[in-house]
Amino acid sequence: MKNLNDVLSGVDEVLNSAKHGNFEDVLTKTKSYAEIATKKSAERLEISRKKIELLDSKTKLAKAFEKYGRLQYSAYLGEELDEEAIESALQEIQLQKTRADLLDEEIAQLREAFVEGLSKREARQYTKQEKEEDEIIAEEIAAEDE
C-alpha cells in the first residue's frame, strides 16, 4: 500500500504534466456534466412527485365514489337522504376527477420533456423502467382493492 506522500507525489505529477488550459477544460466539462445530471435528477424527482399526487387524487376519487355509492344504496333501501352529503360527494368526485386528469397531462408533458433530453438508449431504458414502475403500482392498487 502506498503511503500518503507517494499518493500526493503522483497527484502532483499528473497535475504538473497536464497543460493548464487542458485542466481548465476538464473542470469546465465536469461542472457542465454535473449541472446536467442535477437538472435531470430534479426533473425525475418532479415526475415522481406528480405521480404521488396522482395516486393520492385517485385514492380520494375512489373514496368519493364509494361514499356516493353508499348514499345511493341507502336511497334504494328507502332510507332518508342527506341531499348535502350527496352533493358533497358529487363535488368531490368532480374535483378529484379533474385533478387526476390535469396531473395525467402534467406527467405526460414532464415525461416527454425529460425523454427528449436523453439519448435513444437512455430513453429506451427510462421508458422500460417507467413501464415496470407503473405495473408495480397497478399491482399494489389491485391488491389493496381485494
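Considering Leu71, Leu61, the condition of being part of a helix (DSSP H, G or I) and within 24 Å of Ala108 (Cβ to Cβ) is satisfied by Leu61 alone. Exactly one residue among Glu13, Glu35, Glu24 is surrounded by 10 or more Cβ atoms within 10 Å (Cβ to Cβ), at pLDDT below 65, over 15 Å from the mean Cα position of the chain (by Cα) and at negative phi, and that residue is Glu13. With respect to being assigned to a helix (DSSP H, G or I) and loosely packed, with under 11 Cβ neighbours inside 10 Å, Arg121 fits the description.
Residues in the range 103-128 that are farther than 17 Å from Arg49 by Cβ and basic (Lys, Arg): Lys120, Arg121, Arg124, Lys128.
With the requirement that a residue be of a type in the set (Asp, Glu), open to solvent by 100 Å² or more (accessible area, probe 1.4 Å) and farther than 22 Å from Thr38 by Cα, what does the range 87-118 give you?
Of everything in the range 87-118, just one residue is of a type in the set (Asp, Glu), open to solvent by 100 Å² or more (accessible area, probe 1.4 Å) and farther than 22 Å from Thr38 by Cα, namely Glu105.
Scanning the range 65-83 turns up at least one residue that is open to solvent by 100 Å² or more (accessible area, probe 1.4 Å), in contact (Cβ under 8 Å) with a residue 12 or more places away in the chain and within 20 Å of Ala138 (Cα to Cα). Scanning the range 101-114 for residues that are of a type in the set (A, V, I, L, M, F, W, C) and either modelled with pLDDT under 95 or not in a helix (DSSP H, G or I) (or both) yields Ile107, Ala108, Leu110, Ala113, Phe114.
The values are calculated or read from the model by the stated rules, or taken from the named source; none is laboratory data. Keep in mind the model is a prediction, meaning the values are calculated, not measured. Please note: Cβ atoms are built from the backbone with ideal geometry, for glycine as well, and neighbour counts cover all protein chains shown. The area values use the complete protein model at the heavy-atom level, side chains included, leaving out ligands, DNA and RNA. Shrake-Rupley method; radii C 1.70, N 1.55, O 1.52, S 1.80 Å.
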